[in-house]
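S.K.: First, the structure itself, so that you have it in front of you.
The values are calculated or read from the model by the stated rules, or taken from the named source; none is laboratory data. This structure is a prediction, so every number in the text was calculated from the model and none was measured. Using ideal geometry, Cβ is built from the backbone for each residue, glycine included, and neighbour counts are taken over all protein chains shown. Only protein heavy atoms, including side chains, enter the accessible area calculation; ligands, DNA and RNA are left aside. Shrake-Rupley method; radii C 1.70, N 1.55, O 1.52, S 1.80 Å.
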Amino acid sequence: MVGYLVGGVVLLVIGILFPSLTKDWTSWIYNNIEESLTMSDSGSLLVTALSYASWYFLIFYCIYLGSMFVAYALSKNRSSLLYQGLLVVFVMGSVHMFNVIHHEHYSYSIHLGLLAILLFLHNFIPEQRYFYSMFSVILLFLFFAVQWLNMVPELTVFGIGTDDFAVSIKLADEYLTDNTLFSTLSVILFAGFFLIAVIVTTILHLFSKQVTMTRKYQKQTEELQRTRGELFETNVYKEIHSLVHDMKTPLVTVEGLVSLIELKNEDKKVEGYFDRIYGSVDKMKDMVSEILHEDTKREMEVSEVIHYVRSHISIDDDSIDVSVDVEEELPPIHVNKIRFSRALSNMVENAIRSLKETGGTLSVQAYSYEDGVAFSIQDDGPGVDPKILEEIWEEGFSTKRSSGIGLPFVKSVVDQHGGSIDMKSTPYVKTLVTVYLPVYVEEEAYDFSH
C-alpha cells in the first residue's frame, strides 16, 4: 500500500505542475492560435485544438490515476464508499490547486460529471491483475471525449470550456468560421470517444464474467473429480475388505479339514506336507489380518519386504533394465507388510509404465539413512512436470485417465508408518522417489520394583 501512496502522490504533483514542466508546449499552442488567425487557416486551428486536448489529457490523466492510487492506499478497497469519496476529494482538490497555481478557470462541473461516469463504469471493470491498465484505456477515451466538449461554443454559458486555451480557440473559430467548425465536429468527436469508452468497458465486463465462469467451472470440475476419486477409493476398499473378510471362513475350513486328515493319516512321509500347509495357512491368515486392520504391524527384515515386492511384479520387457540393491545389515523395520509392500509396488509399477514406450533403466535401492531406512525408486523415463510435483499427492489428481488414487494411497501408507515420501524429477534424465521410514524401537517396560 505504501507503493500505491507514493506513486499516487508523485502522479498528482506531476499533473498539477505539468504546465510549468511544458512551457514550450503551451507557447506553441498560443502561437499556433495567433498563426491560424493571421493565415485564416481553420485546419491549423483544428490541429491546435487536438494538441490542446492532448495536453489536458496528460494533465488530468496524472491527476485521476494519482487520485485512484492514493484513495486505494487509504481505503484498501476499490469497491467501498470511502474509496469513492476519497477519489472525488483528491480529484476536485487537485483541479482546484491547478486552477489556483496557474491562474486558470478550468470547469469544475465537467469533472464532477466525469467522476460520476467513471464511478459508474468502475462497477463493470473486473478487479483483476491488469485493472489499472484496463482503466487507463477507458480514461483515455473518456478524457478525449470530455476535452472536445470544451470546444462546443454553446456550452460556455454552463461553465464548460472556460479555461484560457478553450476560450482563445473558440474566439478564433468564431472569427474564422462563425463557430461552425467546432459546434458540430466537437459533438461528433465527443460522442465517438464516449461510445468507444462504453464499448471497451462492456467488452471488459463480459470478458471478466467469462473468466469468472470459467474459473468457477474449473473449480467445480476439480471438486467433482476429487469427490469421484474419494468415492471410487472408498468403494474399492470396501469391496477389498469385504472380499478379504470372506476369505477367513474358507481358511478356517481348510485348516480344520487338514487337521482331520492329519489325525487319520498314518504315513510318516506326508507329515512334512502338513507342516507346509499349516505354514501357508498361517501366512494367509496374517495377510488377511494386515489387510483388514491397517494398524497391524510387525517386525520384518528389509530384504523380506523387497523380496515380497519383487515376487508381485513381473517385467517382461527387455528394453527395461532393472537393478535391485539392498544394503547389508539393515535394521529391521516395523510395518504392515501387505500395505507397505503394496505402496512400494505401486511406485515401481509407475516407473515401469513410464518406461514402456522408451525403455530405460530402473533402480530400486534400500539403504540406511540417519535413524531409519530409505527406499528409493529411480528411472530415466519421461518423468513428472516439476510444476505439479506438489499436486500429484492429492486425491483425485491425475495427468491421465485414471482415478488418481495411486500416489495418494502411497503417501497415506507412508504417513501411517511415521515416514515421509519425496519425489524429484527432471524429465528424461532422472525421476527419483524416496521413502524414508524410521526404525521401530520397542520401548522397555519400566521396572517399578526399584
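S.K.: Calculate the spin-label point distance for residue 21 paired with residue 78, positioning each point 7 Å from the Cα along the beta-carbon direction, and give it in nanometres.
M.R.: Taking the simple label geometry, residue 78 and residue 21 are separated by 2.3 nm.
S.K.: Still on this model: Tally Lys and Arg at +1 and Asp and Glu at -1 over the other residues with C-beta under 15 Å from the C-beta of residue 436: what net charge comes out?
M.R.: -3
S.K.: Can you list residues whose amide H is under 5 Å from residue 326's amide H, if they're 5+ apart or on another chain and H is modeled 1.01 Å from N?
M.R.: Placed amide hydrogens put 366 under 5 Å from residue 326.
S.K.: Between residue 439 and residue 253, what length in nm is gained on full extension when 0.36 nm per residue of separation is reduced by their alpha carbon distance?
M.R.: Roughly 63.2 nm would be gained on extension.
S.K.: May I pose another question? Let me check I've understood the local charge: for residue 101, count other residues with C-beta under 15 angstrom from its C-beta, Lys and Arg +1, Asp and Glu -1. What total comes out? Working shown, then result.
M.R.: Values: positive: 23; negative: 104, 163, 164.
Taking every Cβ under 15 Å from that of residue 101, the sum is -2.
S.K.: Okay, moving on. Students often check this: by mean Cβ neighbours within 10 Å, which of 137-144, 80-87 ranks highest, and how do the rest follow?
M.R.: The peptides rank, most packed first, as 137-144, 80-87.
S.K.: Roughly how far apart, in whole Å, are the Cα centres of region 309-326 and region 341-366?
M.R.: What the calculation gives is 8 Å, centre to centre.
S.K.: If DNA, RNA and ligands are ignored and the probe is 1.4 Å, what is the ranking of 215, 298, 339 by accessible area, most exposed first?
M.R.: 215, 298, 339
S.K.: Assign one of three labels to region 151-196, namely rounded, prolate or oblate, based on the Cα gyration tensor with a ≥ b ≥ c the square roots of its eigenvalues; rounded applies when a/c is under 1.5, prolate when it is not and a/b is larger than b/c, and oblate otherwise. Write down the numbers at each step before the final one.
M.R.: Values: a/c = 2.19, a/b = 1.39, b/c = 1.57.
It is oblate, given that a/c is not under 1.5 and a/b is not larger than b/c.
S.K.: What order do you get for 327-333, 178-184 when each peptide is scored by the mean count of other beta carbon atoms within 10 Å, highest first?
M.R.: Values: 327-333: 14.3, 178-184: 16.4.
Descending mean neighbour count gives 178-184, 327-333.
S.K.: For the pairs 387/411; 297/387; 297/430; 76/387, note any where the Cα-Cα span goes beyond 29 Å.
M.R.: Table pairs above 29 Å Cα-Cα are 297/387; 297/430; 76/387.
S.K.: Right, something else. Compute, for residue 308, the solvent-accessible surface of its heavy atoms (probe 1.4 Å) with the complete set of protein chains present, and express it in square angstrom to the nearest 10.
M.R.: 40
S.K.: For residue 389, what charge total do you get from the other residues with a beta carbon under 12 Å from its beta carbon, if Lys and Arg give +1 and Asp and Glu give -1?
M.R.: After counting each charged neighbour, the total is -3.
S.K.: Under the classification rounded if a/c is under 1.5, otherwise prolate if a/b is larger than b/c and oblate if not, where does region 66-204 fall, given a ≥ b ≥ c as square roots of the Cα gyration tensor eigenvalues?
M.R.: Taking the square roots of the gyration eigenvalues as a ≥ b ≥ c, region 66-204 is oblate.
S.K.: Just how far, in whole angstrom, is region 32-87 from region 174-201 if you go by their alpha carbon centroids?
M.R.: For region 174-201 versus region 32-87, the Cα centre distance is 16 Å.
S.K.: Order 379, 385, most accessible first, counting only protein heavy atoms with a 1.4 angstrom probe.
M.R.: Details: 379 15, 385 75 Å².
Descending order: 385, 379.
S.K.: Once you put a point 7 Å from the Cα of residue 260 and another 7 Å from the Cα of residue 216, both along the Cβ direction, what distance in nm separates them?
M.R.: 6.9
S.K.: Assuming 0.36 nm per residue, please report the length gained on full extension of the stretch residue 180 to residue 367 beyond their Cα-Cα distance.
M.R.: Working it through step by step, the gained length comes to 58.0 nm.
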